[in-house]
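First the structure, in the form of structure tokens, and then the observations on it.
The values are calculated or read from the model by the stated rules, or taken from the named source; none is laboratory data. Fair warning: this is a prediction, and the values are worked out from it, not measured in the lab. Counting neighbours? That spans all protein chains shown, and the Cβs are built from the backbone with ideal geometry, glycine included. Please note that ligands, DNA and RNA were not included when accessible areas were found on the heavy atoms of the full protein model with its side chains. Shrake-Rupley method; radii C 1.70, N 1.55, O 1.52, S 1.80 Å.
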Amino acid sequence: MTASRSTLRCHDANCRKRYELSEVIYSCATCGSLLEVFNSFDGVEGSGLRELWQERRLSRRRIDVSGVWRFREMLPFVTDERHIVTLPEGNTPLFEAPAAAAYAGLDGLQFKHQGYNPTASFKDNGMTAGVTQARVLGMQRVACVSTGNTSASMAAYAAAADMQAVIFLPAGKIAYGKLAQALEYGALTIQVEANFDRILALVRELAVALGIYVLNSVNPFRIEGQKSIVIEMLEQRGWRVPDWIVLPGGNLGNISALGKGLRELRQLGLIDSLPRVAVIQAEGSAPFHAQFRDGGELRAVRKPETLATAIRIGDPVSWRKAAFEVGTVHGVVESVTEQEIADAKAVIGRCGIGCEPASAATLAGIRKLVKAGAVKASAEVAAILTGHLLKDPDYVYRYHSGQLETPSGQPIRATFGNAPITVGHDRGRIAELLERYARPA
Ligand code: F0G
């Protein structure tokens, strides 16, 4: 691998202070804004990259097998490939989903499913880069606060790199599948009686004091890794840019990565236009939607609520980066109700695809935007499903059996419910049931 052509840089256009890649720092010492990895692509021939990346699909080298490091010309911060920690990640499918398209009122719809990653969420695309940088820096301990997926991912990559993972979780507010992963991968797991935003502020302080590397999305290297989601999606589309890319928004790292990835792809000449982007939040945790609608500074939601616990965040740390990316592509931010998320999720399930609740906010949001006329029925739309169906089986069971309630205790209708049927060991009774539920030919 070549000499690095990257530096750390303050994201604020009025500051732009630079830092060495080797510094353990997440926000600007001068102005406090988040940092980004600034990549100089001088001398990189964009025109040859499509073929090079395609050829690597035939290779068995571990850095070519990864759906992140296969695109390593766009992550030029690693100079020695022996540092790379890969499980491997990425290489996730892009599905056509006609039934979901019909539900949303679109002619067609694609889902890029990041739940097909090693720990079953999009976090793995970023975590491979974040833990690799931790290894470059010689860190022994990594930490994060998480609504569940970041912690599951970090625990796995830290285990693979033989580092200690310390994870902080909002007590009682993460889906069981995610907690189970963290425990199994051996992370030191600390449940704190506070919400995500308050714990993150504490962990950022503690980590500096204790010399622990923070792998939340304040970490700019994680953002670099997550760019690969949109790179791979466009490669799968034969580099045809869709009209819209839609994704859920929580702490807003993913939209920041998506926007940066798109801008860099255009800079390299791999695409010649930018898609519009829609970020969808859950109504009870939608500070970015309010900021988009009202302008000005983001006003934190003090008590964020949603059953889509992955995006139960009231004070998204990357909102300025996200606002910049949304503005660049003339994007929109929307919010959806618990009922809309639950029904959209079941529809995605009926496509044979499935996802966790936060991911389903995409389909609910698209449906709302189509109804409002903001997205045309004929538009080419690709949505990112961020996590796997089995991350939150409790939600699934409650929905289908008509027991799901909003955080304030309102019942959620099982519009597409599919409750299991219990029956005695009785041939006649079972035959009768099959008859009753037979599909018309
Ligand atoms: N979807 C899922 C499944 C998530 O786990 C998250 C974030 C998001 C969407 C939102 O992404 O924060 O980049 O805007 N989960 C984080 C976590 C916060 O701790 O796992 P974002």
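Tabulated results
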| item | result |
| --- | --- |
| Surface share of carbon and sulfur [accessible, 1.4 angstrom probe, percent] for the stretch 156-302 | 48 |
| Neighbour net charge for TRP53 - beta-carbon separation under 13 angstrom, K R +1, D E -1 | -2 |
| The stretch 63-192 shape via C-alpha gyration tensor axes, a/c threshold 1.5 | oblate |
| Summed residue charge, Cβ within 14 Å of LYS17's Cβ, Lys/Arg positive, Asp/Glu negative | -1 |
| Gain on full stretching of the segment that runs from ASP272 to THR30 - 0.36 nm per residue minus C-alpha separation | 83.6 nm |
| Estimated D of the stretch 367-441 in µm² per second, where Rh is the Kirkwood radius over Cα pairs and Stokes-Einstein applies at 37 °C, 0.692 mPa s | 198 |
| Two-site FRET efficiency, GLU96 against ALA209, from Cβ-Cβ distance with R₀ of 41 Å, rounded to 0.05 | 0.25 |
| Environment charge at VAL423 (Cβ cut-off 12 Å; Lys +1, Arg +1, Asp -1, Glu -1) | +1 |
| Length gained when the stretch LEU202-ALA419 is fully extended (0.36 nm per residue, less Cα-Cα span) | 73.9 nm |
| Residues GLU45 and SER408, FRET efficiency given R0 of 45 Å [Cβ-Cβ distance, rounded to 0.05] | 0.20 |
| Residue range of the chain that is longest and free of GluC sites (Glu not before Pro) which are both DSSP loop and sparsely packed (at most 10 other C-beta within 10 Å) | 21-192 |
| Where the chain is the region considered: accessible area per residue in Å², 1.4 Å probe | 43 |
| Paramagnetic reach from GLN164 (point 7 Å along Cα→Cβ, amide N under 15 Å) across the stretch 180-212 | 186-190, 207-212 |
| Gain upon complete extension [GLN140, ARG350; 0.36 nm per residue less C-alpha separation] | 71.2 nm |
| Set LYS173/LYS321; LYS260/LYS345; LYS112/LYS376; LYS17/LYS260; LYS260/LYS376 screened for pairs whose C-alpha atoms are more than 22 Å apart | LYS173/LYS321; LYS260/LYS345; LYS260/LYS376 |
| Nearest-0.05 FRET efficiency for VAL192 and GLU55, computed from C-beta distance (R0 45 Å) | 0.45 |
| Global form of the stretch 211-327, assessed from the alpha-carbon gyration tensor, a/c cut-off 1.5 | prolate |
| THR328 versus GLU184: modelled label distance in nm, points set 7 Å from Cα along the beta carbon direction | 3.7 |
| Cα-projected label distance for ALA300 with ASP80, points at 7 Å along beta-carbon direction, nm | 4.0 |
| All-pairs alpha carbon distance profile, the chain, 20 Å steps from 0, percent | 26, 58, 14, 1 |
| If the convex hull is drawn through the Cα atoms of the stretch 14-90, its volume per residue in Å³ | 131 |
